[in-house]
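Right, one structure below, let's go through it.
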Amino acid sequence: MRSAFLLFRLSLKRARILLCVTGLLLAGFQALRVHIAASHSASDYEQIAALLPPSVRTILGPSVTSVLSFNGIVCGGYFDLGIVIALVVLTITLATLPAVEIETGFADLILARPMRRHWLISRTIALVLLTILLMLFMILAGTWAGMAMFAPPDASGPPAWQTASLALDLAMLLLCWGGVAMAFGAACRPGVARPAASLIAFAALLLDYAQKLWPALECVGWLSPFKYFTPFELVMGDPLPVDNLLVLWAIAMTGFTVAYFIISHRDISR
Amino acid sequence: MQNHEAIPNASGPNPPASADRTSPPAISIRGLTKRYGPLTALNDLNLEIRQGESFGFLGLNGAGKTTAIRLLLDLLRPTNGRACIFGYDCWSEGLEARARIGYLPGELGLYLDLTGLETLDFLAGLNRQPVDKRHRQELCDRLELSRSDLRRRLRQYSTGMKRKLGIIQAFQANPPLLILDEPTEGLDPLMQETFYGLLADVKRGGATVFMSSHVLTEVERVCDRIALLRKGEMALLSSVRESRRLAPRRVRVLFNEDVTVQPELPPGHQLTEKTPRLWRLDVAGPLGPLLALLEGLPVEDMEIEEARLEDVVLRYYREGAS
């Protein structure tokens, strides 16, 4: 257990700059969102909504008015496409750490000592979880800071239950991609695992948007994990979709289980 | 089977004084086989290394040396066979087995953003037995890795410095078994000498050394026994002394007068060069018959070159190649 803690600490230490920079950027971007949201009036949002192209209106659906509001813009940090992509990439990068350790030969030095192989995976899961929590906290911190600095006195931020729901939704999505990437990371070289997981994530994202635009694709839309990521509904005030979260959770758990299985059976070689 | 035919003395030399006969062998390998699809990297390897022994694992690139080592460390899973370290099965009791090993890989995989000290501390923390800091400092001093060197990031290290760090991490916990894969690769001659000194010290302390190498002089100097792997199979298992006996001694005889007689050489003797004043011979076995043959001839001088392990090993390599 002590060895596993040392391994976790080392991994965290090596990732600290990446995590700090990403976290600070997220917080800063969130504060900026609050500033932008505060600098527009309700009528501005109506004008912006009217300017939206039909395809974007289709994707947003009935949530368009909720999303294009002070509250919607502030909450956007939890589902902004750029942020989601950045966080998925960050998660994939960290989740494929075992592949990097095997490729570089560092795993040889670790596993030649009295340490079980599964700790490579358990440590990575812990690292991914901690990263997700840290990033969500930084978004939250950015929201608080932005509200304190830029929000008009009468403006109230998103309610706690909504923030928690959006955070949980995003966390499950990231955990899901962490699981997928970890399964790849346990089986392949990092040069394969990272592009493969990223490509699948990108394809799944495209599929999700495509099935929203073309109903004919709905029959395969369920294959995309992004279908179960429903922040627009949450912004509209819908309750947390537990079924969707369970699907994302199940994908993550399957990925982790596959990773454990592969790492305990494979040859550790470059 | 090929390897059994070639084993001149499978029992090897007497165990070192420090070895305990009642204790299990340091390494015991039975029928170890590793296949990658149609490719057989290691085929039916059988080996027993006693505690306190220094054992050299020889072979050309791709002969299966590193595969065997990685199987012992449970980094690779065998297709067949089993291996034990101090009586602990390398797979079912891998933690116990690996707790007794100090391992130096052939290619060190280090994180270049860490300092030398961070790397050593981290790897020391993974061992069960605590690392004596004074012992580690002594190792650093002997290998001339200063405190300021240890504070530098590994990306600033030369190949030799990384190798030294690798040696220190393997030796720092004073493990009873050292598994060293090409240990002196990248070390300058002075550091190689220091390394041999370190090996001699740990051997005196009763540790077992299992090293792979293709530097024959190194193996000859350090090891009690050797095994030669060829295409995944053991071609030779012998004590170093015994293997030298397999090689003929080179004898040079100088005459002070012309000698025209055609000698009738005893078995095991081969005339490789003959001039009126000089004979060169390869002599396998005792020299007595040759001395008897030279009796009465005008011998001015005689030089006998000791048999070298290199000659034996090269012969096996060549046989494999042909």
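The values are calculated or read from the model by the stated rules, or taken from the named source; none is laboratory data. If you're wondering where the values come from, they're calculated on a predicted model, not measured in any experiment. Glycine also receives a Cβ, built like all others from the backbone with ideal geometry; neighbour counts cover every protein chain displayed.
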Completion exercise
residue B:165 vs (1) at pLDDT below 95; (2) part of a helix (DSSP H, G or I); (3) buried (at least 23 other Cβ atoms within 10 Å of the Cβ); (4) not polar (S, T, N, Q): all pass except (1)
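Pick from region A:225-253 the residues that are β-branched (Val, Ile, Thr) and either part of a helix (DSSP H, G or I) or in contact with a Cys (Cβ under 9 Å, 6 or more places away or on another chain) (or both): which of them is modelled with the lowest pLDDT?
Residues of region A:225-253 that are β-branched (Val, Ile, Thr), as a first pass: A:230, A:235, A:242, A:247, A:251.
When the remaining residues are screened for being either part of a helix (DSSP H, G or I) or in contact with a Cys (Cβ under 9 Å, 6 or more places away or on another chain) (or both), the result is A:235, A:242, A:247, A:251.
Values: A:235: 85, A:242: 94, A:247: 97, A:251: 97.
The selected residue is A:235.
State whether one or more residues within region A:153-164 are in a loop (DSSP other than H, G, I, E, B), of a type in the set (A, V, I, L, M, F, W, C) and surrounded by fewer than 21 Cβ atoms within 10 Å (Cβ to Cβ). Can you show your working first?
Step one: filter region A:153-164 for residues in a loop (DSSP other than H, G, I, E, B), giving A:153-159.
Then drop every residue that is not of a type in the set (A, V, I, L, M, F, W, C), which leaves A:155.
Filter once more, keeping what is surrounded by fewer than 21 Cβ atoms within 10 Å (Cβ to Cβ): A:155.
Within region A:153-164, one or more residues are in a loop (DSSP other than H, G, I, E, B), of a type in the set (A, V, I, L, M, F, W, C) and surrounded by fewer than 21 Cβ atoms within 10 Å (Cβ to Cβ).
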Practice task
List every residue pair whose Cβ atoms sit under 6 Å apart, with the two residues 6 or more apart in sequence or on different chains, where the first one lies in region A:10-25 and is modelled with pLDDT under 95 and the second, anywhere, is part of a helix (DSSP H, G or I) and surrounded by fewer than 14 Cβ atoms within 10 Å (Cβ to Cβ).
Solution key: none
Exercise for the section: Might you let me know whether region B:89-101 holds any residue that is within 11 Å of chain A (Cβ to nearest Cβ) and on the phi > 0 side of the Ramachandran plot? Expected result: no
Handout entry: For residue B:113: the one exception among (1) under 28 Å from residue B:204 (Cα atoms); (2) touching a Lys or Arg at 6+ places or on another chain (Cβ under 8 Å); (3) within 11 Å of chain A (Cβ to nearest Cβ)
Key = (1)
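Listed here are the residues, each with its yes/no results for (1) within 14 Å of chain B (Cβ to nearest Cβ); (2) closer than 22 Å to residue A:179 by Cβ.
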{"residue": "A:116", "(1), (2)": "yes, yes"}
{"residue": "A:132", "(1), (2)": "no, yes"}
{"residue": "A:142", "(1), (2)": "no, no"}
{"residue": "A:145", "(1), (2)": "no, no"}
Completion exercise
Residue pairs qualifying under the 6 Å Cβ cut-off, at least six apart or on distinct chains, with the first in region B:25-42 being farther than 11 Å from residue B:82 by Cα and the second being of a type in the set (Lys, Arg) and part of a strand (DSSP E or B), are B:41/B:34; B:42/B:34
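Residue by residue, here is whether (1) of a type outside the set (D, E, K, R); (2) part of a helix (DSSP H, G or I); (3) within 23 Å of residue A:257 (Cα to Cα); (4) at pLDDT 95 or above holds:
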site: A:181; (1), (2), (3), (4): yes, yes, yes, yes
site: A:185; (1), (2), (3), (4): yes, yes, yes, no
site: A:191; (1), (2), (3), (4): yes, yes, yes, no
site: A:194; (1), (2), (3), (4): no, yes, yes, no
site: A:201; (1), (2), (3), (4): yes, yes, yes, yes
site: A:208; (1), (2), (3), (4): no, yes, no, no
site: A:211; (1), (2), (3), (4): yes, yes, no, no
site: A:220; (1), (2), (3), (4): yes, yes, no, no
site: A:223; (1), (2), (3), (4): yes, no, yes, no
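Give B:128, B:70, B:134, B:77 a once-over and let me know the one that is within 13 Å of chain A (Cβ to nearest Cβ) and assigned to a helix (DSSP H, G or I).
Working: B:128 fails: assigned to a helix (DSSP H, G or I); B:134 fails: within 13 Å of chain A (Cβ to nearest Cβ); B:77 fails: assigned to a helix (DSSP H, G or I).
Checking each option against the conditions leaves just B:70.
Condition (residue is of a type in the set (Val, Ile, Thr), touching a Pro at 6+ places or on another chain (Cβ under 9 Å) and part of a strand (DSSP E or B)) applied to region B:52-66: is it met by at least one residue?
Residues of region B:52-66 that are of a type in the set (Val, Ile, Thr), as a first pass: B:66.
In the following step, the residues that additionally are touching a Pro at 6+ places or on another chain (Cβ under 9 Å) were identified as B:66.
From what's left, part of a strand (DSSP E or B): none.
Taking every residue of region B:52-66 in turn, none turns out to be of a type in the set (Val, Ile, Thr), touching a Pro at 6+ places or on another chain (Cβ under 9 Å) and part of a strand (DSSP E or B).
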